[in-house]
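Read through the structure below, which is laid out as structure tokens, and then see the notes.
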Amino acid sequence: MLESTIIKLRALENSDIDLLYGWENNTDIWLISNTLNPFSKHILKQYLKNSHLDIYQTKQLRLIIDLKKDGKNIPIGTIDLFDFDAYHLRAGIGILINSEENRNKGYATEALRLLINYSFNYLGLHQLYCNIASDNNKSIKLFTKAGFEIVGEKKDWIKAHPEWINEYLLQLINK
């Protein structure tokens, strides 16, 4: 359910600490991920320590996106469910393909497809949502291609020194 011919979504491992440390502290993506402070390895180790807990306890799920290449699994990013709501059967979704060389090759599309399938057919969710800056055309295209619809716009939502950027709310409802 979490694997295709080119992508595998897997649980976090202790050996992922250096990857996560690099990805979470990449200031180039802080605006997109709403990050204001760097992450310490100590905090990430604590996060990894609790990553075995299920989504009903933690209200989130982070998976590593592995590219299946030449018989090996190469970590290229992460995909997350967050703000999981077991009563209303919904969750937010976010994705990162870390390296520019792995972008625009269909890997994010495939990872998103796998997580949508898992969310609707295994977790039984009714809907997924995401928030995307209005100037992030690649992410808007990725999510709308997967069936998400723009259902709202938050004005001047993201402070991007010195200007402000609007943010779209997108939803995918399992019908």
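The values are calculated or read from the model by the stated rules, or taken from the named source; none is laboratory data. Worth saying up front: this structure is predicted, and the values here are computed from it rather than measured. Here the Cβ is made from the backbone with ideal geometry for all residues, glycine too, and neighbour counts use every protein chain on show.
Specify the residue that is nearest to the chain's Cα centre (by Cα); the eligible residues are those in region 83-104 that are farther than 18 Å from Trp23 by Cβ and surrounded by fewer than 18 Cβ atoms within 10 Å (Cβ to Cβ). Of everything passing the filter in region 83-104, Gly92 is nearest to the chain's Cα centre (by Cα).
The residue pairs whose first member lies in region 115-141 and is under 19 Å from Gln60 (Cβ atoms) and of a type in the set (Phe, Trp, Tyr), whose second member is at pLDDT 95 or above and in a loop (DSSP other than H, G, I, E, B), and whose beta carbons are closer than 6 Å, counting only pairs six or more residues apart or on different chains, are Tyr118/Leu2; Phe120/Asn174. Looking at this structure, is Thr27 out of contact with any Lys or Arg (no Cβ under 6 Å at 6 or more places or on another chain), surrounded by fewer than 17 Cβ atoms within 10 Å (Cβ to Cβ) and at pLDDT 75 or above? For Thr27, the condition - out of contact with any Lys or Arg (no Cβ under 6 Å at 6 or more places or on another chain), surrounded by fewer than 17 Cβ atoms within 10 Å (Cβ to Cβ) and at pLDDT 75 or above - is not met. Here Lys145, Lys141 are screened, and the one residue that is loosely packed, with under 15 Cβ neighbours inside 10 Å, in contact with a Ser or Thr (Cβ under 9 Å, 6 or more places away or on another chain) and modelled with pLDDT of 95 or more is Lys145. Every condition in (1) within 26 Å of Ala133 (Cα to Cα); (2) modelled with pLDDT under 95; (3) assigned to a loop (DSSP other than H, G, I, E, B) is met by His52 except one, and the failing one is (1). Can you name the strands (runs of 3 or more DSSP E) wholly within region 84-175 that have at least 1 residues being closer than 22 Å to Lys8 by Cβ, in contact with a Cys (Cβ under 8 Å, 6 or more places away or on another chain) and not small (Gly, Ala, Ser)? Correct list: 90-97. Of the residues Asn37, Asn73, the single one that is surrounded by 11 or more Cβ atoms within 10 Å (Cβ to Cβ) and either under 26 Å from Ile132 (Cβ atoms) or modelled with pLDDT of 80 or more (or both) is Asn73.
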